[in-house]
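Okay, so here's the structure we're looking at.
The values are calculated or read from the model by the stated rules, or taken from the named source; none is laboratory data. Only a predicted model underlies this, so the values are computations on that prediction, with no experimental measurement involved. Positions of Cβ are backbone-derived with ideal geometry, glycine not excepted, and every protein chain shown enters the neighbour counts. For the accessible areas, the whole protein counts, side chains as well, though only heavy atoms, and no ligand, DNA or RNA atoms are used. Shrake-Rupley method; radii C 1.70, N 1.55, O 1.52, S 1.80 Å.
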Amino acid sequence: MPSSTLLILGAGYTGQALARLLAGKAWQIKGTSRSEIGAEELRSLGIEGAVLAAENFTAAPLDDVDALLVSVPPDDRGDLFAHRLTGKPKRLRWIGYLSTTGVYGDTGGAWVDETAPPNPSNARGRRRVLAESQWLDFGREYGIATQIFRLPGIYGPGRSALDEVRAGKARRIDKPGQVFSRVHVSDIAATLAASLERPAAGAIYNVADDLPAPSADV
């Protein structure tokens, strides 16, 4: 029998990659979608899928959950789920929030790491910073190891430059000095799995490869 339960709020491309990695490793995986079609797709992948709208969310579904991965875009109030939580879920011991390296804003070409302060240059980035702080505050208040994973452009099976070429959607962005960071979805999943094994409360990780490149080169 599974010894631990992971709930993925917004079990899309990245969440499904983590579910595949944890398959057979004593984890029961639950995932949410905004539609029944999406929930059915999750079930076909062996994930216990359910439809869940943020406005209907309560803390009750977390009482039988050991780990929570949040992969939903925020709005002007921050994370769609965090501000609806009150009290400590009974078993929850790990929270992972998938954010974006976009929170650093325009650095004028300067390199950043996890010690660089967020400086979002648009509303989207500011929402992410707010959502990050909401989950970190929640984790601190209730003693739950909460980690932030800032992601750049994600690629992998079905989502690569070659797939874009085949689909006729490829485009070149050729701006001198402009480079983009990327990460393969399997590397994100491996990072999340490692964090589940060895949580680090309050940790922030930039999950990116070490070869940023111009879009045209890719």
Restricting to the range 143-157, name every residue that is open to solvent by 40 Å² or more (accessible area, probe 1.4 Å) and among the small types (G, A, S). G143
Looking at the range 133-165, which of its residues are within 17 Å of the chain's Cα centre (by Cα) and without any contact (Cβ under 8 Å) to a residue 40 or more places away in the chain? G153, Y155
Looking at (1) free of Cβ contacts under 8 Å to residues at least 60 places away in the same chain; (2) open to solvent by 40 Å² or more (accessible area, probe 1.4 Å), which is the one condition that is false for S99? (2)
Of all residues in the range 69-95, which are within 15 Å of Y142 (Cβ to Cβ), in contact with a helix residue (DSSP H, G or I) (Cβ under 7 Å, 6 or more places away or on another chain) and among the charged types (D, E, K, R)? K88
Unique residue being open to solvent by less than 60 Å² (accessible area, probe 1.4 Å), in contact with a Gly (Cβ under 8 Å, 6 or more places away or on another chain) and under 22 Å from D210 (Cα atoms) when the list is S160, S181: S181
Test for P176: is it in a loop (DSSP other than H, G, I, E, B) and open to solvent by 80 Å² or more (accessible area, probe 1.4 Å): yes
Could you please let me know if S33 is touching a Gly at 6+ places or on another chain (Cβ under 7 Å) and within 28 Å of L130 (Cβ to Cβ)? yes
Lone unmet requirement of (1) among the small types (G, A, S); (2) under 18 Å from the mean Cα position of the chain (by Cα); (3) modelled with pLDDT under 90 for G96: (3)
Scan of the range 163-173 for residues that are of a type in the set (A, V, I, L, M) and open to solvent by less than 90 Å² (accessible area, probe 1.4 Å), ordered by number: A167, A170, I173
Can you tell me which residues in the range 192-203 are open to solvent by 50 Å² or more (accessible area, probe 1.4 Å) and in contact (Cβ under 8 Å) with a residue 24 or more places away in the chain? P199, A201
